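Every read-out reported here was derived from the displayed coordinates using simple, explicitly stated rules and does not represent laboratory data. Remember, predicted model here, so these are calculated numbers, not experimental data. Neighbour counts run over all protein chains shown; Cβ positions are idealised from the backbone, glycine included.
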Number of protein chains: 4
Amino acid sequence: MAKTFHMHKARLETLVDGVFAIAMTILVLEIKVPELADGRSSDALLSALGHHASVIGAYFFSFAMLAVFWVWHHRLVEKIRLFDFPLLVCTLTFLALVCFFPFAAALLGRYPLNLAALLVYVPLTGLIILLQTLFFKLAVQRQLLLESVSADEVQATQRRNLRGCAVLFIASIPTALRVHVAWVAVCLALGLLFIWLSRAKAHSGKASA
Amino acid sequence: MAKTFHMHKARLETLVDGVFAIAMTILVLEIKVPELADGRSSDALLSALGHHASVIGAYFFSFAMLAVFWVWHHRLVEKIRLFDFPLLVCTLTFLALVCFFPFAAALLGRYPLNLAALLVYVPLTGLIILLQTLFFKLAVQRQLLLESVSADEVQATQRRNLRGCAVLFIASIPTALRVHVAWVAVCLALGLLFIWLSRAKAHSGKASA
Amino acid sequence: MAKTFHMHKARLETLVDGVFAIAMTILVLEIKVPELADGRSSDALLSALGHHASVIGAYFFSFAMLAVFWVWHHRLVEKIRLFDFPLLVCTLTFLALVCFFPFAAALLGRYPLNLAALLVYVPLTGLIILLQTLFFKLAVQRQLLLESVSADEVQATQRRNLRGCAVLFIASIPTALRVHVAWVAVCLALGLLFIWLSRAKAHSGKASA
Amino acid sequence: MAKTFHMHKARLETLVDGVFAIAMTILVLEIKVPELADGRSSDALLSALGHHASVIGAYFFSFAMLAVFWVWHHRLVEKIRLFDFPLLVCTLTFLALVCFFPFAAALLGRYPLNLAALLVYVPLTGLIILLQTLFFKLAVQRQLLLESVSADEVQATQRRNLRGCAVLFIASIPTALRVHVAWVAVCLALGLLFIWLSRAKAHSGKASA
């Protein structure tokens with residue numbers, strides 16, 4: 001049964017686009033209309049909105065993150081021929097984390113200086129990016145790419161994925177610093193590892209060419 | 001009129017995908033950002049999130065259930081040629097229950113140890129799975145399958161549906177046990193009945209081959 | 001400019017399906033998880049859910065109404081070749097009312113015995129059905145139907161639309177009775193008018209055949 | 001990499017339609033079911049709904065605005081061949097503002113007489129319309145239009161976009177008046193500038209014909 005299992009791309013893409021559209025729109029639900037004692041005072045409303053500035057900032061930042069994930073996902077999926085069972089599980093897990101993202105964004109918008117909020121947001125972002133990289137690696141290994149995709153394109157995509165992971169680990173360092181200096185070392189080491197992997201790919205790509 | 005009634009698959013699938021995308025995303029709305037006395041205390045936020053652990057766990061569990069329903073539905077519908085009126089009613093009822101699912105999930109996440117929450121969640125899941133099985137049975141009876149679907153595939157799908165029902169009734173036993181021992185017997189009997197039906201199908205499939 | 005204005009069906013249908021999917025799912029947001037003093041008491045939760053029975057009933061009733069609107073709309077649109085400006089405005093107004101429907105449903109679920117809730121729900125349903133009938137009438141007048149749709153089908157569809165309006169006005173009588181006896185006469189008169197229009201259509205259809 | 005970057009229209013359109021469908025439906029979430037001391041009193045409910053009249057009015061107004069943006073966007077995108085990176089960024093920023101729109105609408109519905117609410121709503125609408133105009137200008141400059149689109153159509157579309165911007169600035173004058181008389185001059189000047197640009201386009205169109 002598992003051998004013949006496959007899923008048409010079209011329906012999975014509709015689900016993915018739907019989930020992203022809703023996750024993006026749900027972000028805004030966290031920005032609450034402030035309650036005012038005097039509803040006609042524009043100063044009171046402006047200052048109330050000023051207090052919401054971090055929530056509004058978090059909205060636009062998180063929207064941009066979701067947009068990046070969506071474009072990234074799309075650029076991987078357009079190279080795929082079909083989804084077998086492992087790729088399907090990988091994509092649905094990715095969607096579960098994307099749906100969870102508005103909660104992490106709300107947490108960070110509400111408590112922008114709180115370390116615990118970052119400890120939800122940053123690892124969640126990390127998991128989403130690692131899942132994307134894993135997704136494409138699986139697709140290459142299981143030979144589910146479209147024939148029209150050249151080996152060079154596959155190499156370039158994998159390099160880009162690995163660079164994305166590196167950027168993520170480097171960007172996590174300020175958060176790691178607030179937890180413990182040991183985590184900084186871990187993040188730095190992982191960041192450098194992914195840079196090295198990405199360069200190794202680039203080299204092997206040239207060697208094979 | 002009823003004779004000539006039919007519905008294009010494409011539009012119904014868009015509605016189904018839309019409903020699933022939203023139901024999946026709405027699950028996360030139940031996880032509320034905790035209110036903290038001291039917004040900068042990461043310990044306070046972590047412990048507040050710890051108290052939400054059952055809600056977060058219920059989110060990922062319910063997301064996985066919805067993902068299973070979605071994949072299951074997709075694999076049945078891809079074998080269907082068109083929807084006549086009974087299949088349409090069956091699918092819309094299925095959607096009504098899927099839309100109701102986030103409420104049941106919120107109930108279970110909020111009161112994980114409460115029997116009444118299980119008495120909403122488990123029968124709802126059961127109804128959804130039974131409706132799927134009924135949907136395919138109706139499609140076979142009314143000869144609405146695609147011609148490219150072989151008799152073997154139909155048999156295999158029906159066996160899988162019946163096995164799904166069996167798994168459901170077996171999995172309901174712990175909940176039944178908390179209500180009354182008589183319900184355990186009912187669940188066990190129904191579970192065994194569906195296993196027997198699934199094996200009978202398998203046998204008749206081989207006999208006809 | 002207005003002469004050459006047209007809108008592709010595909011995009012409008014995606015918007016319609018999206019709006020319906022969300023309106024259906026948003027209905028369930030009105031069913032709140034009850035707050036319990038003792039979270040482990042299943043009796044307390046069951047009795048709290050019992051108090052929500054009218055909300056849950058209203059959910060399934062309103063879901064069925066939206067499903068009927070959706071199927072109805074789909075059966076009209078599949079006969080249309082393209083949307084010009086008046087049809088587009090008609091469809092977008094229809095969508096505005098469909099999006100408003102969850103609020104009316106929430107009002108009725110919360111105050112099922114309150115006349116004012118019915119005075120929002122019933123006229124809204126009426127407007128939606130009248131707009132559908134107007135939509136098809138406009139499409140016929142402006143010759144925007146697909147060529148493959150026979151005159152008989154057009155007649156049958158219009159009869160069905162007019163019968164739908166008649167059913168609506170007859171079904172409004174109990175609500176009208178609670179306002180004033182004069183409104184009963186209005187509803188009855190309009191109901192009979194639409195029945196007569198529908199029969200006149202049927203007759204002219206046979207005469208022309 | 002940027003040179004070969006492109007995005008299929010189909011997926012971006014699904015995301016856009018999804019986001020608009022949700023933004024439209026989310027508008028209604030701001031209209032809260034009123035809490036009544038006596039749930040059976042229809043007078044109490046009607047008067048409570050009367051107090052919500054501005055929220056309900058804002059709902060229909062904002063729905064109409066979103067519908068206009070959606071139709072506008074669709075009419076621009078149907079002339080585009082594909083999305084390169086700048087167009088993609090432009091469209092995603094547009095979506096971020098569209099998703100933010102329900103918050104601005106809620107603010108205006110809640111505090112219709114408050115200047116600060118207008119100072120969120122009006123500039124947001126302005127940004128959305130300016131982004132649309134910029135989007136099409138970019139598409140023309142980067143030669144991403146479909147070949148089937150004639151130079152006359154491009155001219156007419158650009159004139160329409162510029163007229164839209166002019167209407168926006170003229171319509172902002174009452175709001176500007178409430179801030180400071182200097183802003184009235186700015187709005188008027190920008191409105192006249194866009195009218196002049198639109199007429200210049202019309203003239204150059206005739207000259208080149």
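Copy-to-copy label distances for B:Gly57, where each label lies 7 Å from Cα along Cα-to-Cβ, are 3.7, 3.7, 5.2 nm in order of increasing length. The distance from the alpha carbon centre of the range C:1-59 to that of the range A:147-181 is 40 Å, rounded to a whole number. Its relative contact order, with pairs defined as Cα atoms under 8 Å and 6+ residues apart, puts chain A at 21 percent.
Each of the GluC sites (Glu not before Pro) that DSSP puts in a loop and that has at most 16 other Cβ atoms within 10 Å breaks chain C; the longest unbroken stretch is C:79-146. With a ≥ b ≥ c the root eigenvalues of the C-alpha gyration tensor of the range A:79-209, is it rounded (a/c under 1.5), prolate (a/b larger than b/c) or oblate? Oblate is the answer for the range A:79-209, as a/c is 1.5 or above yet b/c matches or exceeds a/b. Compute the Cα gyration tensor for the range C:2-136, then decide on rounded, prolate or oblate, letting a ≥ b ≥ c be the square roots of its eigenvalues: rounded whenever a/c is under 1.5, prolate when a/b is larger than b/c in the other cases, and oblate in all that remain. Cα axes put the range C:2-136 in the prolate bin.
Backbone geometry of the range C:96-104 corresponds, through the Karplus equation with coefficients 6.51, -1.76 and 1.60 at θ = phi - 60°, to 3J(HN,Hα) couplings of 4, 6, 5, 5, 6, 4, x, 5, 4 Hz, x marking Gly and Pro.
When DSSP beta bridges are restricted to pairs lying wholly in the protein assembly as shown, around 100% turn out antiparallel. Per-residue ellipticity at 222 nm from helix content only, as computed over chain A with -39500 (n - 2.57) for each DSSP H run of at least four residues, stands at -26500 deg cm²/dmol.
Which whole-number percent gives the relative contact order of the range A:126-206, counting Cα pairs below 8 Å spaced six or more residues apart? The value is 34 percent.
For D:His52, C:His73, the sequence from fewest to most other C-beta atoms within 10 Å is D:His52, C:His73. Ascending distances from the A:Val181 label point to its copies in the other chains, with the point 7 Å along the Cα-to-beta-carbon line: 6.5, 6.5, 9.2 nm.
Under a 5 Å amide H cut-off, with hydrogens placed 1.01 Å from N, A:Met7 pairs with A:Phe83 among residues at least 5 apart or on other chains. The residues packed around A:Ile129, meaning those with a beta-carbon under 12 Å from its beta-carbon, carry a net charge of +2 if Lys and Arg are +1 and Asp and Glu are -1. Between identical copies, the spacing of D:Lys32 label points, each set 7 Å from Cα toward the C-beta atom, reads 0.9, 1.0, 1.4 nm from nearest to farthest. With an a/c value under 1.5 for the gyration tensor axes a ≥ b ≥ c computed over the alpha-carbon atoms, the protein assembly as shown is described as rounded.
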